[in-house]
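First the structure, in the form of structure tokens, and then the observations on it.
The values are calculated or read from the model by the stated rules, or taken from the named source; none is laboratory data. What you see is a predicted model; the values in this text were computed from it and never measured. Ideal geometry is used to build each Cβ from the backbone, glycine not excepted, and the neighbour counts take in all protein chains shown. Ligands, DNA and RNA are excluded from the accessible area calculation, which covers all protein heavy atoms including side chains. Shrake-Rupley method; radii C 1.70, N 1.55, O 1.52, S 1.80 Å.
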Amino acid sequence: MRKWWSMMNELLEHRLHKLYIVFPLINSLKALLPVIILFSYKIFGGKTITPAVLPWMIVAVITGIALLLLYGWLQWNRFVYRLSDDRIVIRRGVIFREELSIYTGRIHSMNMEQPFVQRILGLTQVKLDTPGKSDEDGGRLPAVSSSEALRLQQWLRERTAPSEVRNPEAAPDMANIVLQEQESAKQIYMNGSHLGDNPISAIGKPEGSPAKSNADAATNIPSALQLQPSPSVTLPVEERSVLLTLSPGRLFIAALTSFNLSLAFAFAAGVFSVADDILPDKLYARLFWEAGSWLPGGWFAIVPVAIVLAWILSGILFTVKYAGFKVERVGKQIAVTSGLLDRKQLFFSPKRVQAVSVKEGLLRQPFGYAEVKLHVLTSESEKHLMLHPMLPMKQVGKLLEQIVPQFKAETADRKSPRRALWMTLQLDVALTAAVCAICIGYFKMPGLWSLLLLPLSILWTALSYRDRGFALREKQLTMRSRTISRITRYVRRPQVVALQVTATRRQKRRNLRSFKVSLIASQYNQSLSHLEQSDVEEIWHWFRLRPNNSE
């Protein structure tokens, strides 16, 4: 019976949702949006487009849309996937065909996303997280229905269930199997479950369900939810619990205190790029060079205004990015859901967490708040996953104990020695004085404003010295440092693959050393400088200890 089920399942090919046909058209419109805006401006201007040319342009537009829809239909028709007992096989390609087989034993997790286009169309994008592979390698189903996403999650859960819950000798009861699926589907729709609410529900038969015939159950259950279960697996009900959520008020406060300039700069760069494509070259250059005369004081006045605008913009983008933030425990995995326009639900195993970062920003540190991020080993080498955007520091330990209990919120009580402060202070003041001299020599009187950098440099050096430190507790290394924000990182010995100890001549004369920690994910490199030589030697001996494989 099991071989029959496996053979039938492998012969059954599945396709993406039919709305995938319009994806090439939508993607082309997004890419050509600046050209379309400029072209529309010229048409409505009526200066360069004559009535005789306009019909041909309409024909060209209709032809282009038809060709894109035809290409979309070919993509949809040639994109198929098959599910079997031990793998998922994806075949795609219009001109060049490719086939990808992904074994269930290599799938770390199955993540659900709703980018802007999929969110508008009510579809879900499924990403298979495997070691050494990315979604560009083919482990991605870009457009499936929510019910199909549930089906795929159930299929993966059946194949990765622990061996103790499997029952190969049990004979399948087809009526009960279909009835369980039907009752589960009803519960899902009655609860209003979707990607942003409760995308993964355990499929199990409720107690006291009335018996139905196989034919009736197969008729009533939606076709999209007709699973191909393996009769050899009997799964327990998958536990699901909400660990934490973020209210709109807390999210708004977190946005105003984040000051995430990277988001603001990325958005500003996009605006400048679109303006460069749409506006004529002379008009764009004139606006850029005349911007200095818009406010009294020229560019010196524009800079603080730009900083305030960037702060407001970063707060808005932060709110859009983390709207509806929720962390849940689904079986043995953790699911993090967030996003207003680009909705994502990422799954990860706590065992794959490489490190934890606690960042205290300048606006949050006086009030005792911080953001907590996890560095998770995934198919993208490493993913910086937001665990909480704004949390009181006194609650960080409780949060880690709940999500990643192998990490402890230790205090960095081993400080850098006092002689390290005077060494770094001399170097930083000398470099700042050189910059001030260059500014004064080039800008003359306005360059005197650069002298304000001297007290700022001294303050930054003092804060960096005060916050620099580490702690060593059994298999965990805690490191704390400051650039602009104060960051505390927790790493464990089994995840450390390299420890590099360095020292300059000035450090050697003062018995100081620096070290850098590298984890399995090459993107993570954390270093501490100007520490006591004996402390760094202790860290070196800690690193050389053979890790316990059970950790």
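The figures follow:
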{"item": "When each of Lys321/Lys516; Lys127/Lys326; Lys326/Lys351; Lys394/Lys516; Lys18/Lys321 is checked by Cα-Cα distance, pairs over 23 Å", "result": "Lys321/Lys516; Lys394/Lys516; Lys18/Lys321"}
{"item": "3J(HN,Hα) from dihedral phi, the stretch 472-482, Karplus parametrisation 6.51/-1.76/1.60, rounded to Hz, x for glycine, proline", "result": "10, 10, 6, 9, 10, 10, 10, 10, 10, 8, 9"}
{"item": "Label-to-label distance, nm, for residues given as Lys516 and Arg91 (7 Å Cα→Cβ offset)", "result": "4.8"}
{"item": "Overall Cα dimensions of the stretch 326-389, principal axis frame, Å, largest first", "result": "37, 28, 22"}
{"item": "Amide H within-cut-off set for Leu387, under 5 Å, with H built and near neighbours excluded", "result": "Val372, Lys373, Leu374"}
{"item": "Solvent-accessible heavy-atom area per residue, rounded to whole Å², over the stretch 296-454 at 1.4 Å", "result": "51"}
{"item": "Approximate spin-label separation Glu99-Leu427, in nm, with each point projected 7 Å along Cα-to-Cβ", "result": "5.9"}
{"item": "Solvent-accessible surface (1.4 angstrom probe) belonging to Glu99, in square angstrom, nearest 10", "result": "120"}
{"item": "Carbon plus sulfur fraction of accessible area for the stretch 408-551, probe 1.4 Å, in percent", "result": "59"}
{"item": "Vicinal HN-Hα couplings computed from phi for the stretch 435-448 (Karplus, 6.51 cos²θ - 1.76 cosθ + 1.60; Hz; Gly/Pro x)", "result": "5, 4, 4, 5, 5, 5, x, 8, 9, 6, 4, x, x, 5"}
{"item": "Separation in nanometres of the label points that stand 7 Å from Cα toward Cβ, at Ile484 and Arg15", "result": "5.1"}
{"item": "For the stretch 468-549: accessible area per residue (Å², 1.4 Å)", "result": "52"}
{"item": "Extension gain, Leu385 back to Lys398 (0.36 nm per residue minus Cα-Cα distance, nm)", "result": "2.9 nm"}
{"item": "Full-stretch length increase - Ala498, Ile458 - with 0.36 nm per residue and alpha-carbon distance subtracted", "result": "11.1 nm"}
{"item": "Contour excess over end-to-end distance, with Cα ends at Trp540 and Leu309 and 0.36 nm allotted per residue", "result": "78.5 nm"}
